[in-house]
Amino acid sequence: MHSENPAEVSDAQPETPARGTGGRKSAGLNRFRLANQILNVIRDARMGVGHHLREQQFAELLGVSRTPVRSALSLLVEHGVVEARRNQGFFLTTPYTELHEIDIDVPPSAEQHLYERLVRDRIGGALPGSITQSDIARIYEADRIVILRTLARLADDGLIARNKGHGWSFLPTLDSNVALANSYSFRLVLEPAGILLPSFTVKSDVMERVRLHHVYLLSHPDIHKIDPAQLFSTDSEFHEMIADFSGNIFFTQAVQQQNRL
């Protein structure tokens, strides 16, 4: 296994931005998330060991430039999934059938860390129903930009709303018992309706990938030792798959938002 500088092993083609994307979008993409997207493509396409993973092909497929793709492939090299060959590029070293056991952990950003602390502390009763940016800065010693981005994300996820006057108020979504009951009711209504839609279409490659993830969990000798994040990911992936099969973008967006909550 080689670990050359990615610049030395990249494809010979010149760097070109992906169609329909801007440089700022490409630069901002997280290499860890992009690496997981590449793994999904490899699994879905059932690529064999030794397959040449071309940067330009993934760039066009994922809607980014080649630079973040190269960075993500280098990350997969570090995880032993891909081999970097000098002056040739990147090549798959792991059978796609074994990739369902591999998931690249995404390091939390400052916004993600603050987001999780705010949600956890609110559920735990450590925060009042209403809070200001100054309160957050004082309690968590967070940067103003980080606070603004975190509040925007909490608002997008339906967890918090701006007060008419001053500050922000947490919404009832974070009342865990109510939210849990509402969550099950939501899926009981939405998912059967999606399956009954005329547009419902099963994608066998996606279903096979999700099935392998569940087989891995079922065959694990001690389910309690599996990372809770992996359990959640497998569950949310299953429900988003059903919504996607419905062929209705509003079903998909609704389930994705619920999973974020």
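Assorted remarks:
- Set 219, 246, 204: member being loosely packed, with under 15 Cβ neighbours inside 10 Å and either under 21 Å from residue 41 (Cα atoms) or modelled with pLDDT of 90 or more (or both): 204
- Qualifying residue in segment 2-24 (condition: under 26 Å from residue 209 (Cα atoms) and either modelled with pLDDT under 80 or open to solvent by less than 70 Å² (accessible area, probe 1.4 Å) (or both)): no
- Count - residues of segment 149-167 that are at pLDDT 90 or above, open to solvent by 20 Å² or more (accessible area, probe 1.4 Å) and not basic (Lys, Arg): 3
- Subset of segment 116-125 [at pLDDT below 90 and aliphatic (A, V, I, L, M)]: 119, 123
- Matching residues in segment 93-139 - criterion: being of a type in the set (D, E, K, R) and assigned to a loop (DSSP other than H, G, I, E, B): 103, 105
- The residues on offer are 113, 100, and the sole one that is surrounded by 19 or more Cβ atoms within 10 Å (Cβ to Cβ), of a type outside the set (A, V, I, L, M, F, W, C) and modelled with pLDDT under 90 is 100.
The values are calculated or read from the model by the stated rules, or taken from the named source; none is laboratory data. Predicted model only: the values in this text are computed from it and were never measured. Don't worry about glycine lacking a Cβ; one is built from the backbone with ideal geometry, like all the others, and counts go over all protein chains shown. Ligands, DNA and RNA are stripped out before the accessible areas are found, and what is left, the full protein with its side chains, is counted by its heavy atoms. Shrake-Rupley method; radii C 1.70, N 1.55, O 1.52, S 1.80 Å.
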